[in-house]
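One structure is given here, and the rest of the page talks about it.
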Amino acid sequence: MRNGSNAAIHRKNRLLAALEPEDFSWLAPHLEIVELPRGKVLFETGEAIRHTYFPHDGIVSLVTVLQSGGSVEMAVFGREGALGFVSALVTRQSFGRYITQVPGTASRVSLERLNEGVAERPKLRHAMFRFTEAFLAQTLQTVACNAVHSVEARCCRSILTTRDRTDRDEIPLTHEALAEMLGVQRSTVSSVTSALQKAGLIVQGRGTIRITDRQGLEETVCECYRTICESFQRLLPGALRCD
């Protein structure tokens, strides 16, 4: 019963759920369920990566830490994929700091075991490499987005993508987390979210943001939101549903 219960939990991650049954059965005994509390650092920049995490409901950001002490988000991971796999393809050193922005749980497996499966099991390798391509498309689109789109549009993108990864209109997203995601000051985030609330698109709570007008947010968000969704739908159908 416990094994069956754990299997259901593991499959909350949509990449794991999309694996062929024989590949999932091969990997499942080596998966462990771990907590991802808010603010937990999974890897620091340059640290050796020993595990791959498959989030269930938590959201983890990959951020670069600047000499000034500030940080900027480079990528985000949720239940649509895995973290610690792409970074470890060659050097096994972390590109930056992996930090939990939205708390939850994840399935974790040793990198050695996952790499063994990727090397020996073609369908598992295919699934992981399709995720890698979707992840790279997301990352490159985010670079373009950060360069040309307004803070307001990018803030809407972060709110919507967080909602898509949690299936909740009320999301545990703080101003500090949003500021780190967007690479701006907390005061800038406060101004933007106040304007969104005044427009009737969201309601702010203590450490939460509740979406009250999704259509309005989608009319305000930049094109990058849909572009990233479409990349995932093309490469990993159903992994990241934007609706």
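Values for this structure:
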{"quantity": "Accessible heavy-atom area order of His175, His126, His30, highest first, probe of 1.4 Å", "calculated": "His126, His30, His175"}
{"quantity": "Length-normalised contact order of the chain in % [C-alpha pairs under 8 Å, at least 6 apart]", "calculated": "21 percent"}
{"quantity": "Carbon + sulfur, % of accessible area of the chain - ligands and nucleic acids excluded, 1.4 Å", "calculated": "50 percent"}
{"quantity": "Exposure rule at most 13 other beta-carbon atoms within 10 Å, DSSP loop trypsin sites (Lys or Arg not before Pro): the chain longest free segment", "calculated": "51-205"}
{"quantity": "20 Å cut-off, amide nitrogen to a point 7 angstrom out along Arg241 Cα→Cβ, residues in the range 119-150", "calculated": "131"}
{"quantity": "Amide H partners (placed H, <5 Å) of Ile59, local residues excluded", "calculated": "Gln101, Val102"}
{"quantity": "For the range 57-136: relative contact order, % (alpha-carbon pairs under 8 angstrom, 6 or more apart)", "calculated": "32 percent"}
{"quantity": "Those residues of the range 119-161 whose amide nitrogen sits under 15 Å from the label point placed on Arg226, 7 Å along Cα→Cβ", "calculated": "157"}
{"quantity": "Approximate shape of the range 65-131 as ellipsoid semi-axes (Cα gyration tensor, √5λ), whole Å, largest first", "calculated": "26, 15, 10"}
{"quantity": "Net lengthening on full extension, Arg50/Arg210 (0.36 nm per residue, minus Cα-Cα)", "calculated": "54.0 nm"}
{"quantity": "Accessible area expressed per residue, the chain, with surrounding protein chains retained (probe 1.4 Å, Å²)", "calculated": "46 Å²"}
{"quantity": "Per-pair calculated FRET efficiency, R0 = 22 Å: Gln67 and Leu136 via Cβ, rounded to 0.05", "calculated": "0.25"}
{"quantity": "Square roots of five times the Cα gyration tensor eigenvalues for the range 60-173, Å", "calculated": "26, 17, 14"}
{"quantity": "Taking only Cα atoms of the chain, radius of gyration then Dmax in Å", "calculated": "17.6, 55"}
{"quantity": "Exposed GluC sites (Glu not before Pro) absent - longest run of the chain, DSSP non-H/G/I/E/B, at most 13 other C-beta within 10 Å", "calculated": "45-222"}
{"quantity": "Debye log10 I(q)/I(0) at q = 0.15 Å⁻¹ for the range 137-209, Cα point scatterers", "calculated": "-0.47"}
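The values are calculated or read from the model by the stated rules, or taken from the named source; none is laboratory data. Worth saying up front: this structure is predicted, and the values here are computed from it rather than measured. Cβ sites come from the backbone with ideal geometry, for glycine too, and all protein chains shown count toward neighbours. These accessible areas exclude ligands, DNA and RNA; they are computed on the full protein's heavy atoms, side chains included. Shrake-Rupley method; radii C 1.70, N 1.55, O 1.52, S 1.80 Å.
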